[in-house]
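J.: Okay, here's the structure, questions in a sec.
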């Protein structure tokens, strides 16, 4: 195989020289140091709910997984040359197959069969990296053909909709918990609407903090609900090493886990398309590198005992809310996550965040993800007067939002995977049918040409 691209520029990061303090902050722009640090922390906070929850559901060490998410983000940042704003965190796509491969009961403590799962995740990451190399050589056109804007927009929206039950169920069982979740949503929304400048950009972090303070007053101060146990924080050590694990390669586990690579490709593709739509910049030339970086990060994480990683939808939500797309935020967030990974006290602090506050925050962030998918449709002028687009989007949303699950032998395909495969296959079949009926071949317009076409019109 001959690789046409020159690899040297791929590992060169163009320094962010343009300082901007207000408005939309594009990927090639930077904020003042203070705002950059604060927004980097916000991205770490935004992914807490998922990157902590996913390892817990699979029986992995959350501190180790947070450490690996930071290191994986740095790997990704270097591979894409700092051009793609993205944070890598524990992927939910692995939960079902890891549980199946290890016989683990979700949420029952440490998984005794983690090494077996790690072997399958390493191979999955390897295949993912190979796909990235192929895309770097052949271009992204064949993927675009498989996943035009109507498909990618639906997949992004599905990620948010599929996570909706997790957010709602995570609120808590009592009426008090429900009201706290609503209060959290109002705090975040109030910061988004009634503040300006840095405070507005930190809407999730500030909103969560306000809700946390109010919760502490209502519970610890007034005796309502379940009080926060601050003793766990003081008892935890400031520094400690996470528990590393070595992969064990089992054919049965590999055959279960490796197919997740297709879901990861769909997630990463949807992420890049969503960011392209939000920023107005064509990031397709970096898609192969993004796949390669994500694949290598997954291999590295699993080799040390961490989960497989993927581009995080929560961070799309943060970018959509703050309109800050500077890629410099993500190495900052990564470094902060690495520090936290070595701190048991961090784990103790995270455990003090009340469940309904995390649930309320998730409602906002996951909703923003779903809206980002709709934005892909709007920006790319997807014509829903075309029955093909209408059917593909409609079916995909229901499959993913309803978490339609298919069992293929020992392999379980969850809602996001079913929706992704379903959208790709359904679109291809209907496109083929249209060609047979019309006798013509109509190609989907390339996203890079859409703006130019719109200007001409």
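J.: Only residues that are part of a helix (DSSP H, G or I) and at pLDDT below 60: list them for segment 6-65, please.
T.: 8, 9, 10, 11, 49 - these are the residues of segment 6-65 that are part of a helix (DSSP H, G or I) and at pLDDT below 60.
Okay, residues lined up against (1) modelled with pLDDT of 85 or more; (2) crowded, with 20+ Cβ neighbours inside 10 Å:
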{"residue": "176", "(1), (2)": "yes, no"}
{"residue": "180", "(1), (2)": "yes, yes"}
{"residue": "186", "(1), (2)": "yes, no"}
{"residue": "190", "(1), (2)": "yes, no"}
{"residue": "193", "(1), (2)": "yes, no"}
{"residue": "199", "(1), (2)": "no, no"}
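J.: Would you mind stating whether residue 110 is farther than 18 Å from residue 270 by Cα and surrounded by fewer than 24 Cβ atoms within 10 Å (Cβ to Cβ)?
T.: yes
J.: Need at least 3 residues that are under 27 Å from residue 402 (Cβ atoms) per element, so show me which helices (runs of 4 or more DSSP H) inside segment 137-246 make the cut, counting only ones lying wholly within it.
T.: Hits in segment 137-246: 149-169, 175-194.
J.: So which residues in segment 298-324 are within 29 Å of residue 32 (Cβ to Cβ) and in contact with a strand residue (DSSP E or B) (Cβ under 6 Å, 6 or more places away or on another chain)?
T.: 312, 324
J.: Also, quick follow-up: In segment 247-268, which residues are closer than 21 Å to residue 292 by Cβ and not in a helix (DSSP H, G or I)?
T.: 247, 258, 259
J.: It is to be established whether one or more residues within segment 87-100 are over 20 Å from the mean Cα position of the chain (by Cα) and assigned to a helix (DSSP H, G or I).
T.: yes
J.: Every residue in segment 278-289 that is assigned to a helix (DSSP H, G or I) and either more than 16 Å from the chain's Cα centre (by Cα) or within 22 Å of residue 120 (Cβ to Cβ) (or both), please.
T.: Across segment 278-289, the qualifying residues are 279, 284, 285, 286, 288, 289.
J.: Scan the helices (runs of 4 or more DSSP H) fully inside segment 299-404 and keep the ones with 3 or more residues being buried (at least 24 other Cβ atoms within 10 Å of the Cβ) and at pLDDT 80 or above.
T.: 329-341, 355-379, 387-401
J.: Every residue in segment 419-432 that is surrounded by 22 or more Cβ atoms within 10 Å (Cβ to Cβ) and either part of a strand (DSSP E or B) or modelled with pLDDT under 80 (or both), please.
T.: Within segment 419-432, just 420 meets the criteria.
The values are calculated or read from the model by the stated rules, or taken from the named source; none is laboratory data. These figures come from a predicted structure and were not determined experimentally. Backbone-built Cβ (ideal geometry, glycine too); neighbour counts: all protein chains shown.
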